[in-house]
Amino acid sequence: MLEYPEAVRAVLTTGMVMATEKNKSSDSFEIQGTEGTLRSDNFTFNGKGELSYHVERFDGTSEYKTVAVPNNYMLEIEQFGRCVAEGEPPVVTETISIANARLVDSVLECIGY
């Protein structure tokens, strides 16, 4: 469990579904928040195109949304190039990178790796 200021907590649960066909997987996400839940349709890891997700609010309203999903690795390389060539600040900061590395270390330690 991750703990943030003002008694905010987050729990990360992850798993894998074995593909029944070559190069096919069942990736999805669900995020529960203070106002409701976001649930994705199945999607391909780092796939390009559109990603649909369902917003279900605790007040009973719901809607489907779609976002354009370009190649994430391409976006990272392009942004890195702008950082070097134009001095653009990185989206993924040193603080975020170190926190992510510590989280991964913590998970590995918990499983005895």
(message) I'd like to check which strands (runs of 3 or more DSSP E) are fully inside the range 1-95 and have at least 1 residues that are among the basic types (Lys, Arg), exposed (fewer than 12 other Cβ atoms within 10 Å of the Cβ) and modelled with pLDDT of 75 or more.
(response) 62-69
(request) Answer yes if at least one residue in the range 62-74 is farther than 30 Å from Glu35 by Cα, free of Cβ contacts under 8 Å to residues at least 40 places away in the same chain and hydrophobic (A, V, I, L, M, F, W, C), and no otherwise. (result) yes
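The values are calculated or read from the model by the stated rules, or taken from the named source; none is laboratory data. Worth saying up front: this structure is predicted, and the values here are computed from it rather than measured. Note that we place each Cβ from the backbone using ideal geometry, even for glycine, and neighbour counts take in every protein chain shown.
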